[in-house]
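A quick write-up on the structure given underneath.
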Amino acid sequence: MVTVFGAQAYRPPSLRREALPTTGALTHGFLCVRFDSDGMESVSVDSVEVPVLGFGTWRLEGDECRTAVKRALELGYRHVDTAQMYGNERAVGRAIEESPVEREEVFLVTKVRRKNLAPEDVRQTVEASLDRLGTDIDLLLIHSPSQTVPLEDSLAVMNEFQDEGSVSHIGVSNFSVDQTRAAMEASETPILTNQVEYHPFKDQDELLAFCRDEGVLLTAYSPLADGQVPGTDLLERIGAEHGKSAAQVAIRWLIQQENVAAIPKAASRDHQAENADVFDFRLTDEEMDQIAQLSRK
Ligand SMILES: NC(=O)c1ccc[n+]([C@@H]2O[C@H](COP(=O)([O-])OP(=O)(O)OC[C@H]3O[C@@H](n4cnc5c(N)ncnc54)[C@H](OP(=O)(O)O)[C@@H]3O)[C@@H](O)[C@H]2O)c1
């Protein structure tokens, strides 16, 4: 797949510190946004290519999950998000195995449950995840911070899996700025992403600024606000200007921001296809600002 530079990412007004280039690669710290020739976009984080659009699988199980993930891959998704907690790692793994898409083209993410963060539990449950997935893990996240287990203890075992080669990268989820900083200090390897709730009704300016400065990708979960985005007046109106739906506008708003990936979930083919069809239009800066205001009302 040929990768050509040429994206221009958006920053909210509060985060605009310098003029952005109008052409060429957009780099900031370790981050660089790219357009791929087949229409899917990736962000390069510390030289790791992460497709900016992922497929979320929470609440998809068994055959429904397997079918949905296979179809998502057919539709062009190249980033799949699962977790120990979702009870669907086996179905996700089978879908990837059965798909004609080459394994190395898929960026596979799973997460260690909070209750499994004691070192011996990380060891045992990640081995079980690897077994269920039937393939290596591209990105292993701490699903949410533990109140009891020291971060460095969990991260040390995650780092061991990296040394052993079955996990390529690690990261966190549901971490605050301070917790992300602590994870970065405690891990021997870079924290690739912090996966957090982010959509037009949720302000993440502070965390996003921190992540951007530190070269950590922010992965937006629940990008459609768990189904509340469709029907929102402003998003429907902006969508009508571009011939797009409110859901497409919300996803576009996220991935058009520097340093943001989004992982919408959709059970139906129509929704899956709609959510992937977000690379052929661009929101204006004014539209981006208007959407950002939704979380401030
Ligand atoms: N790290 C964490 O703690 C965490 C927490 C929550 C979620 N996540 C991840 O993020 C993923 C996405 O978040 P989410 O599942 O909470 O919610 P979401 O993606 O914001 O929304 C999913 C809902 O929106 C509907 N939908 C999808 N596309 C649509 C479209 N084009 N038009 C209208 N409705 C549409 C879906 O319906 P259908 O399914 O019927 O199409 C579903 O009801 C999860 O699946 C999971 O992988 C991570």
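Points to keep in mind about this one:
- The Kirkwood radius of the range 57-183, taken over pairs of alpha-carbon atoms, gives through the Stokes-Einstein law at 25 °C and 0.890 mPa s a diffusion coefficient of 166 µm² s⁻¹.
- Packing-based order for 194-200, 155-161, using average beta carbon neighbours within 10 Å, highest first: 194-200, 155-161
- Protection proxy ranking of 206-217, 227-238 - average other beta-carbon atoms within 10 Å, highest first: 206-217, 227-238
- Helical content alone sets the calculated 222 nm signal of the chain at -11000 deg cm²/dmol, taking -39,500 (n - 2.57) per DSSP H segment of four or more residues and averaging over every residue.
- Using θ = phi - 60° and Karplus 6.51 cos²θ - 1.76 cosθ + 1.60, couplings along the range 240-247 (whole Hz; Gly, Pro as x): 4, 4, 10, x, 10, 8, 4, 4
- Pair GLU49, THR67: separation of 7 Å Cα→Cβ label points (nm): 3.2 nm
- Listed residues ASN275, ASN259, ASN116, most fluctuating in the chain (Gaussian network, C-alpha, under 10 Å): ASN116
- Share, in percent, of DSSP beta bridges within the range 2-296 that are antiparallel, nearest 5: 35 percent
- Amide hydrogen proximity for ASN88: with H placed 1.01 Å from N in the peptide plane, the residues at 5 or more positions away or on another chain lying under 5 Å are ALA83.
- Using a Förster distance of 30 Å, the FRET efficiency for ASP233-GLU206 (Cβ separation, nearest 0.05): 0.65
- Spin-label model, GLU74 to ASP270: label points 7 Å out along the Cα-to-beta-carbon direction sit 1.7 nm apart.
- At q = 0.06, 0.09, 0.14, 0.16 Å⁻¹, base-10 log of I(q)/I(0) for the range 2-296 (Debye sum, equal scatterers on each alpha carbon): -0.17, -0.40, -1.01, -1.33
- As a length-normalised measure over Cα pairs under 8 Å and 6 or more apart, the relative contact order of the chain settles at 18 percent.
- For ILE170, residues with placed amide H under 5 Å, excluding near neighbours: LEU140, LEU192
Any read-out appearing in this document is the output of simple, stated calculations on the displayed coordinates, not a laboratory observation. From a predicted model like this one, the values you see are computed outputs, not experimental measurements. All Cβ positions, even for glycine, are placed from backbone atoms using ideal geometry, and neighbour counts span all protein chains on display.
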